[in-house]
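In what follows, a structure is listed as structure tokens, so that the remarks can point back to it.
The values are calculated or read from the model by the stated rules, or taken from the named source; none is laboratory data. It should be emphasised that the depicted structure is a prediction, and the values quoted were computed from it without experimental measurement. No Cβ is skipped: glycine too gets one built from the backbone with ideal geometry, and neighbour counts run over all protein chains shown. All accessible areas refer to the heavy atoms of the entire protein, side chains included, with ligands and DNA or RNA removed. Shrake-Rupley method; radii C 1.70, N 1.55, O 1.52, S 1.80 Å.
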Amino acid sequence: MYPLRLPFQSVMKGVIVLILTTSYRLLPSMISKYVTLDKMMVLNSPAKEYDFIVVGAGSAGALLANRLSKYYTVLLIEAGGTPFPLQSVPVFAPLMLDNKDLTWRYFTVPQKYSCLGLVNKTSYWPRGRGLGGTSLLNFLAWIRGHPRDYDNWAEITGDKRWSYESLLPYFKRTENYLGKGSDRYHGHSGEIPISTARDRDKTLVNVFLEAAKELDYPITDLNAPLMKVLIDNQNNAYGVQYEHKGHLHKVRALREVILSAGAIGSPMILLHSGIGPSEHLQQVGIKPRVNLAGVGKNLLDHVSALVGPFTITNESFSQQHFTFVPARDSRPSNVIQYLASGDGPLAQSGSMASGFILSNKSFYTANQWPDIQLLLLGIPQDDEGLLTLSKAFNIDAATSRGQIKLASNNPFDPPLIDPNYYDHPDDMNLVLKGCEKLRFKSDEYWECFARHLTITVFHPSGTCAMGKLTNPETVVDSSLRVKGVRGLRVVDASIMPQIVSSNINPACTVIGERGAYIILNEQFHNK
Ligand SMILES: Cc1cc2nc3c(=O)[nH]c(=O)nc-3n(C[C@H](O)[C@H](O)[C@H](O)COP(=O)(O)OP(=O)(O)OC[C@H]3O[C@@H](n4cnc5c(N)ncnc54)[C@H](O)[C@@H]3O)c2cc1C
């Protein structure tokens with residue numbers, strides 16, 4: 001399933017937004033064509049106080065700010081600017097990944113067991129920067145994950161509000177599902193339009209399913225700039241400090257400060273505010289305020305290996321323009337088709353279909369809980385448009401854990417990101433399981449391949465993990481409140497105690513939706 005681009009334009013209505021840095025200059029006419037800023041106020045000088053301050057206008061933060069703004073004044077602080085118009089066109093998504101105005105251009109630290117064939121043994125980790133966050137960069141695959149993913153969160157936290165059944169109404173609330181399917185699972189009145197694969201993509205999906213059948217996989221239908229927080233001597237969060245055009249500003253939150261700066265941004269802000277492992281804070285010259293061991297730890301991601309290419313030589317396929325070939329497809333008629341119907345070669349995001357498999361030996365098989373995801377990517381092979389299909393194996397149940405640390409006490413320095421891929425031998429076993437049908441190469445070949453040409457599927461999460469208060473690594477409780485600080489929450493991908501077994505954007509939006517409800521409920525009861 002695919003969300004259409006720019007979901008934030010409808011969820012941002014009614015929210016006051018402070019854009020802290022934006023060096024991207026857009027023609028006003030282009031902005032008005034693609035972005036609706038009508039009821040949203042973009043401020044250069046905000047008031048001194050708001051009920052809530054939300055930091056980060058990404059998948060979770062934009063939604064959360066919208067929900068809170070129905071009842072309260074909300075200041076949404078975003079480091080990036082308004083999106084570049086071409087970001088709304090799916091086929092251009094890969095071109096945006098390296099643009100410093102649209103992206104936080106992070107690199108991991110050199111890896112020991114992976115990335116061995118990459119420059120400096122590092123992996124490039126782009127994160128979205130702007131109104132819409134990483135949803136502005138993403139490849140539009142909309143898969144919720146497996147119900148067990150969320151039931152697992154409920155077990156880890158001891159709080160049933162995070163079980164799949166309990167989250168289902170919140171998934172539905174954000175969705176405007178345009179395909180066919182049961183109303184029990186799909187919402188139709190939310191802000192994010194979700195459509196099933198278009199007809200031409202479906203043909204490709206069928207090819208993918210045929211191939212899966214041929215390999216004996218059973219087929220089942222699955223749905224699916226910076227600042228610090230101001231904290232007083234009693235550990236109450238009372239506002240934020242940010243920098244704008246070279247000046248430091250402070251804004252007060254009458255009720256709460258909420259961090260939605262993503263799995264890298266949120267732990268960075270906590271650390272710069274003195275909330276985190278004391279030893280690490282002292283090493284970088286930050287005075288510890290709250291010793292919270294788990295901040296930045298438990299870094300999770302879907303590590304992957306791109307196998308292939310598998311070329312479709314059938315002429316009828318290659319003539320159907322499944323993929324975007326610049327020399328062939330940069331034509332006015334394709335632009336017109338895209339603007340008129342949202343279809344054609346420009347609507348292609350590259351991510352075409354997905355499958356989930358269970359490895360044989362693991363606990364996951366006993367629980368019917370997939371631990372490997374296959375991603376089918378369509379890449380044009382040449383100017384004739386011959387289609388190459390590449391499969392990425394996504395290791396869902398990875399045991400290795402990474403960490404985000406600060407490089408210094410300068411908030412503008414990029415952090416040290418260590419995903420620690422393949423640290424645990426179980427993870428390489430999963431890769432080999434994912435490749436087991438590819439008999440034309442040996443296990444040794446696939447292991448060498450995965451360790452050298454390691455790729456991320458861009459799903460960092462878990463760095464402010466939700467959990468029981470008795471667990472020393474817990475950063476937020478199951479109401480998303482930061483342990484040891486009053487009036488401060490985290491609501492984004494960083495709170496996932498375990499990564500879901502699919503692309504994670506729907507999980508981020510449900511965290512925003514569920515988080516908003518938890519906060520509003522508490523506010524109404526405390527009146
Ligand atoms: C290339 C790519 C492709 C992807 N494809 C898919 C896909 O097809 N399907 C899918 O489900 N998922 C996909 N994802 C992942 C998904 O989009 C993200 O996991 C999700 O959007 C993260 O949401 P979030 O709310 O946690 O954070 P984000 O959406 O990253 O929001 C964080 C926001 O906070 C802002 N911020 C950070 N620090 C500060 C600060 N100090 N001050 C102010 N603002 C700050 C950032 O600029 C950003 O706007 C993809 C990701 C990438 C990079």
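Using protein chains only and a probe of 1.4 angstrom, how many square angstrom of PHE524 are accessible, to the nearest 10?
80
Pop the C-beta distance of LEU432 and THR311 into the FRET formula with R0 = 30 Å and round what comes out to the nearest 0.05.
Working: r = 24 Å, r/R0 = 0.81.
Once rounded, the FRET efficiency stands at 0.80.
Hey, quick one: spin label on HIS525, modelled 7 Å out along Cα-Cβ, who in the range 467-504 has an amide N within reach, i.e. under 14 Å?
The answer is 478-481.
Given the pairs LYS160/LYS483; LYS245/LYS287; LYS100/LYS245; LYS121/LYS433; LYS70/LYS468, which span a C-alpha to C-alpha distance of over 22 angstrom in this model?
Check vs 22 Å cut-off fails for LYS245/LYS287; LYS121/LYS433; LYS70/LYS468.
Given R₀ = 35 Å, FRET efficiency for SER278-LYS160 by Cβ-Cβ distance, to 0.05?
Working: r = 34 Å, r/R0 = 0.96.
After rounding to 0.05, the efficiency reads 0.55.
On a full-extension model of 0.36 nm per residue, what is the gain between ASN233 and ASN291, subtracting their alpha-carbon distance, rounded to one decimal in nm?
Extra length available between ASN233 and ASN291 comes to 19.4 nm.
Considering only protein heavy atoms, what per residue accessible area in square angstrom results for the range 390-527 with a 1.4 angstrom probe?
37
Mind grabbing the base-10 log of I(q)/I(0) for the range 68-109 at q = 0.26, 0.30 Å⁻¹? Debye formula, identical points on the C-alpha positions, no solvent, two decimal places.
Per q value, in the given order, log10 I(q)/I(0) is -0.93, -1.08.
FRET efficiency for SER195 and PHE92, Cβ-Cβ distance as r, R0 = 30 Å, nearest 0.05?
Working from the Cβ atoms, E equals 0.95.
Restricting everything to alpha-carbon atoms, can you work out Rg to Rh for the range 447-527 with a Kirkwood hydrodynamic radius?
1.11
Looking only at Cα atoms, what is the convex hull volume of the range 239-374 per residue, in Å³?
Output value, Cα hull per residue: 315 Å³.
Distance between the C-alpha centers of the range 465-520 and the range 439-462? Whole Å please.
30
Counting Lys and Arg as +1 and Asp and Glu as -1, each charge on the Cβ, what is the dipole of the range 389-527 about the Cα centre in debye, to the nearest 20? Kindly include the intermediate steps, with their values, before the conclusion.
Working: 15 positive and 15 negative charges, 82 e Å.
It comes to approximately 400 debye.
Starting with the highest mean, order 257-264, 474-481 by the number of other Cβ atoms within 10 Å, averaged over the residues of each peptide.
Details: 257-264: 29.6, 474-481: 22.5.
Per-residue Cβ counts within 10 Å, averaged per peptide and sorted highest first, yield 257-264, 474-481.
For Cα pairs less than 8 Å apart in space and 6+ apart in sequence, what is the mean separation divided by the residue count of the range 115-183, i.e. the relative contact order in percent?
The value is 14 percent.
Might you work out the accessible area of GLU436 for me, using a 1.4 Å probe with all protein chains in place, and round it to the nearest 10 Å²?
Only protein atoms counted, so the area is about 60 Å².
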